[in-house]
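In what follows, a single structure is set out as structure tokens and then discussed.
Quick note: the coordinates plus some simple rules give every number you see, no bench work behind them. Not measured: the values here are computed from a predicted model. Neighbour counts run over all protein chains shown; Cβ positions are idealised from the backbone, glycine included.
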Amino acid sequence: MSHPLLDLAPLSAEHFASIERRIGAVLRTDADVIVMQGEALLPLEGCIRGAARPGSTALNVITGPYGQTFGGWLRDSGANVIDIEVPYHTSASAEAVRRALAEHPETELVSLVHAEAATGNTNPVGPIGAVVREHGALLMLDAVASVAAEPLETDRWGVDLCVIGAQKAMGGPAGVSAVSVSERAWERIRTNPNAPRRSYLSLLDWKERWIDTGRTALPHAPAQLEMLALEACVRRIEENGGLDSSIARHRATAAAMRAGAEALTGQGGEGLRPYVTDARDAAPVATTLRAPDSLDARELVTAALAAAPPNSRALPLAAGGGALGREMIRVNHYGPDATPGTVVRVLTALAEALNAAGVRADLDAASTAAESAWSGPAE
Ligand SMILES: *Cc1c(COP(=O)(O)O)cnc(C)c1O
């Protein structure tokens, strides 16, 4: 009757706290870390509803769909929201944030997404964080798609609220997530009369019932399987060369994917090309591609998925979300898919789909370009 997923010994408070310490090291922070018992949208919403006081001003940097979502929560919290929207094929700049803060000196909170898996761009958090800290506002960062794929320096960059999930570059479970909270952020949340209390979204409940009591008694039954999976994925990263090695692998994969895609059909609107124009703005976690003008990205993705050999690991390919669906192809090469093998399999499937649709694709040229761009560890 025994089952590997069932009848486990309860997860102790001490064990839970030890997993939080490991996550603090991943985030490079000495601030309070809470592992939240739900997907990353839970702490993201908790941070915004906790830190955005009614009547205050918040600056929301939008570089993809998550920024749009944050704007909705900020408005719903009663904040006056200043949106800086950046075209999704580029990234935000510290200069644009500096100008916006100068125009709106009353700004108390800045929300920013680090890497956007959905649009394939990444933002320079270090320089933006320095501008925000100099101004004095709090900085909230969504680092779900950047953690373990590129450097994340929560304390050094002055990030007050940093949210991660484990299901992307960490190769871990999707059902738990984590947030770090600086002293300045706790002060803000404590003095916000509308901060969630006695709620699933409440960071303050965790502080009072868990952190301030020495992390000795869990406030409720934890998501035990996900907590164990989270610990296992951190351990696996450590055993495979640590965060630096994971970051190098994701960077090499993105470089190979970009070079391979560029070489597949050659340049111009007739062919496939990187969606994010400048390679420096491209996220290591996922590569977005612009479909040839003559083709619909959704149809190309469907054909490429059908071209993949049966019984192999599913290709991490998708069309862009919503309005981007016609023009954007997403290659989600993260976690176990951040390998040269995945890049070659994706290029092979795309070549077959392109050739079938009448767009000439040269797989040999693409494979050679991908191989020479790959600078990471061998698979
Ligand atoms: C994937 C992703 C999320 C969503 O995380 P969930 O755990 O699915 O809620 C949030 N933000 C960014 C930038 C992401 O890429």
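Worth pointing out:
- The residue among Q167, A145, A117 whose Cα reaches farthest toward the positive pole of the charge dipole of the range 92-225, with charges on the beta-carbon of Lys, Arg, Asp and Glu, is Q167.
- Each Lys and Arg adds +1 at its Cβ and each Asp and Glu adds -1 at its Cβ; summed about the Cα centre, the range 13-239 shows a dipole of about 300 debye.
- Cα long-axis angle, helix 340-356 against the chain (0 to 90 degrees, to the nearest 10): 50
- Förster-model FRET efficiency, 25 Å R0, A174 and S18, C-beta, rounded to 0.05: 0.70
- The antiparallel fraction among DSSP beta bridges confined to the chain stands at about 55%.
- For the range 1-90, the relative contact order comes to 22 percent (Cα pairs under 8 Å, sequence separation of at least 6).
- Mean projected area (nm²) of the alpha-carbon convex hull when the chain is viewed from all directions: 19.8
- Estimated FRET transfer efficiency when R0 is 56 angstrom, pair R99-A9 (beta carbons, to 0.05): 0.50
- Between 0 and 90°, nearest 10: helix 125-135 axis offset from the chain longest Cα axis: 30
- Backbone HN-Hα couplings from phi across the range 282-291 [Karplus 6.51/-1.76/1.60, Hz, Gly and Pro as x]: 7, 6, x, 7, 7, 10, 9, 10, 9, 5
- Bridge orientation summary for the range 13-239: considering DSSP beta bridges with both residues in this region, about 40 percent are antiparallel.
- Tilt relative to the chain, helix 224-239 - C-alpha long axis, 0 to 90 degrees, to 10: 60
- Separation between Cα centres of the range 143-193 and the range 200-230, rounded to whole Å: 16
- Between E85 and R280, the distance separating the two model label sites (each 7 Å from Cα on the Cα→Cβ line) works out to 2.6 nm.
- Across the range 41-200, the mean sequence separation of Cα contacts (distance under 8 Å, 6 or more residues apart), normalised by length, yields a relative contact order of 23 percent.
- Residue order, fewest to most surrounding Cβ atoms within 10 angstrom, among T191, T57: T191, T57
- Each of D244 and A232 was given a label point 7 Å from its Cα along the Cα-to-Cβ line. The distance between the two points is 2.8 nm.
- Exposure proxy for C47, C162: other Cβ atoms within 10 Å of each Cβ, ordered fewest to most, give C47, C162.
- As a proxy for reagent exposure, R133, R360 were ordered by neighbouring Cβ count within 10 angstrom, fewest first; the result is R360, R133.
- For the range 13-239, the C-alpha radius of gyration divided by 2.2 N^0.38 Å, with N the number of residues, is 0.95.
- Dipole check for the chain: with +1 at the C-beta of Lys and Arg, -1 at the C-beta of Asp and Glu, and the Cα centre as origin, the magnitude is about 340 Debye.
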